[in-house]
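A.B. asks: One structure coming up, written as C-alpha cells, with questions to follow.
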Amino acid sequence: MKKIILPFVGILVALSAASQCNSSDYSFGSAQFGVSPDPQMGESFEVGYLGQPYTDIIYMLVPTDAGDVDSSFAGFGTIDSLRLDAVFLLINDVPMDISTVGLGFTCNNNGDLSNPCAFLGGEQYCADLTGTPTMAGVFPLQIAVTGWINSFIGTVEVPYVFSDYSLTIVDPDFVVERTKAEVTTLTNIPNPVVRSTDIIFELTKSQQVTLTVHNLLGEAVSTRVVQAKKGKNTVSFDASGLNQGIYLYSVSTGEKKITRRMVVN
C-alpha cells in the first residue's frame, strides 16, 4: 500500500502538514461506515462568508467491507485503505477544485500511513476544510476518494465520489443590500436570434438574479441563477434547442422584474 501512495506524498503532505482536527471529536455510533457532514442525517457544511476565514471538518469512518460504501461492491473484498484525493465544487455544472473559491483541505490520519490523506480500513480519521472564500454562491460539492480493495484477483484500485453535498458562501454586502438592487436596462443582441444571443442587463448593485425564458404559453423553457455585478452584465443564451417563434425573457432581483421579447428564427 505504501508503495502505491508514495507518488502522491509530495503533493498531499504539503496540504496536510498543518491539520488540527481530531477524529475522536465525532462519533458515528455503532455504524461500520460513515462520512460527516451527512446530508441524509440533516447535516451540512458550515456557511462561509466572502472574505472571512472559514473552517469545517470532514470526518470519515472507513469500513473494512467494500459493500458498506456501495452495495455494488458487496462480496468484492475488504478495504485495505482509502485516500482522500480532492474536494470539488460544481460551478456552472463544471467540477472545479475547491481551491477555485479560496478553500483547501488538510488531513490527519494520526500518523498511521506516510501520506496524511491515506486512511486505513476499519479506522476513523478527519480532514480540515479551511481558507478564505473568494466567491459567493450555493455550490454542489463532491468528495473524491480512491480505495484499495483486497479481492480474489488481488489488490484493486477503485475511485469513488461522495456527492449530494453543497457549500454555501454568502456575500455579507449582498445580504444587507439585496433588496435595494434594481434592473435598469435589459436587451438581447442579436434579435432575431438564429442560434444564440447575448442577454445584456444593468444592475444598480451586485446581486444574485434569476434569468428566465418563457414561451407564449407561459411555460419556462430556461431558468438560470446568475451572480450579477453592479453595472453591465452579459449572459450568453443558447437558443439552438428552441422552436421558431416569439419568447419572453426576464431578469428578476426578487424585488423587481423586467421582461423583454425575443424572436427565434
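A.B. asks: Just one of (1) part of a strand (DSSP E or B); (2) more than 30 Å from Pro53 (Cβ to Cβ); (3) of a type outside the set (Ser, Thr, Tyr) trips up Gln227, so point out which.
C.D. replies: For Gln227, the exception is condition (2).
A.B. asks: Another question, then. Mind telling me which of the residues Cys117, Cys107 ends up being in contact with a Lys or Arg (Cβ under 6 Å, 6 or more places away or on another chain) and either at pLDDT 90 or above or of a type in the set (Lys, Arg) (or both)? Before the answer, list the steps.
C.D. replies: On the way: Cys107 fails: in contact with a Lys or Arg (Cβ under 6 Å, 6 or more places away or on another chain).
Within the list Cys117, Cys107, the selection yields Cys117.
A.B. asks: Just checking, how many residues over the stretch 169-180 are modelled with pLDDT of 70 or more and either surrounded by 13 or more Cβ atoms within 10 Å (Cβ to Cβ) or within 24 Å of Ser250 (Cα to Cα) (or both)?
C.D. replies: First, the residues of the stretch 169-180 that are modelled with pLDDT of 70 or more: 169-173.
Next, only the ones that are either surrounded by 13 or more Cβ atoms within 10 Å (Cβ to Cβ) or within 24 Å of Ser250 (Cα to Cα) (or both) stay: 169-171, 173.
Of the residues in the stretch 169-180, 4 are modelled with pLDDT of 70 or more and either surrounded by 13 or more Cβ atoms within 10 Å (Cβ to Cβ) or within 24 Å of Ser250 (Cα to Cα) (or both).
A.B. asks: Would you mind stating whether Thr132 is over 30 Å from Ile246 (Cα atoms) and over 27 Å from the mean Cα position of the chain (by Cα)?
C.D. replies: Numbers: over 30 Å from Ile246 (Cα atoms): yes; over 27 Å from the mean Cα position of the chain (by Cα): no.
No; evaluated as a whole, the condition is false for this residue.
A.B. asks: Can you find, within the stretch 15-74, the residue that is modelled with the lowest pLDDT among those that are among the acidic types (Asp, Glu) and in a loop (DSSP other than H, G, I, E, B)? Don't jump to the end; show me each part of the working.
C.D. replies: So the first thing to find is which residues in the stretch 15-74 are among the acidic types (Asp, Glu), and the list is 25, 38, 43, 46, 56, 65, 68, 70.
Those left that are additionally in a loop (DSSP other than H, G, I, E, B): 38, 43, 46, 70.
Working: Asp38: 83, Glu43: 80, Glu46: 89, Asp70: 69.
Filtering first and then ranking leaves Asp70.
A.B. asks: Counting just the residues of the stretch 110-134 that are out of contact with any Leu (no Cβ under 8 Å at 6 or more places or on another chain) and buried (at least 24 other Cβ atoms within 10 Å of the Cβ), which one comes out nearest to Ile58 (Cα to Cα)?
C.D. replies: The residue in question is Cys126.
A.B. asks: Between a residue in the stretch 74-103 that is more than 20 Å from Thr130 (Cβ to Cβ) and touching a residue at least 12 places away in the same chain (Cβ under 8 Å) and any residue that is acidic (Asp, Glu) and assigned to a strand (DSSP E or B), which pairs come within a Cβ distance under 8 Å, given they are 6 or more apart or on different chains?
C.D. replies: Going by the 8 Å Cβ cut-off, the qualifying pairs are Thr78/Asp65; Ile79/Asp65.
A.B. asks: While we're here: Would the stretch 194-212 turn up any residue that is part of a strand (DSSP E or B), without any contact (Cβ under 8 Å) to a residue 60 or more places away in the chain, in the same structural domain as Ile79 (by TED's automatic domain parsing) and surrounded by fewer than 17 Cβ atoms within 10 Å (Cβ to Cβ)?
C.D. replies: no
A.B. asks: When the stretch 100-154 is examined, which residues are found to be touching a helix residue (DSSP H, G or I) at 6+ places or on another chain (Cβ under 6 Å), farther than 22 Å from Phe76 by Cβ, hydrophobic (A, V, I, L, M, F, W, C) and assigned to a strand (DSSP E or B)?
C.D. replies: Selection gives Cys107, Cys126.
A.B. asks: Looking at Ala220 and the list (1) under 27 Å from the mean Cα position of the chain (by Cα); (2) surrounded by fewer than 15 Cβ atoms within 10 Å (Cβ to Cβ); (3) in contact (Cβ under 8 Å) with a residue 24 or more places away in the chain; (4) over 25 Å from Val170 (Cα atoms), which single condition is not satisfied?
C.D. replies: (3)
The values are calculated or read from the model by the stated rules, or taken from the named source; none is laboratory data. Keep in mind that this is a model prediction, so the values were computed, not measured. Methodologically, a virtual Cβ is constructed for each residue, glycine included, from the backbone with ideal geometry; neighbour enumeration extends over all protein chains shown.
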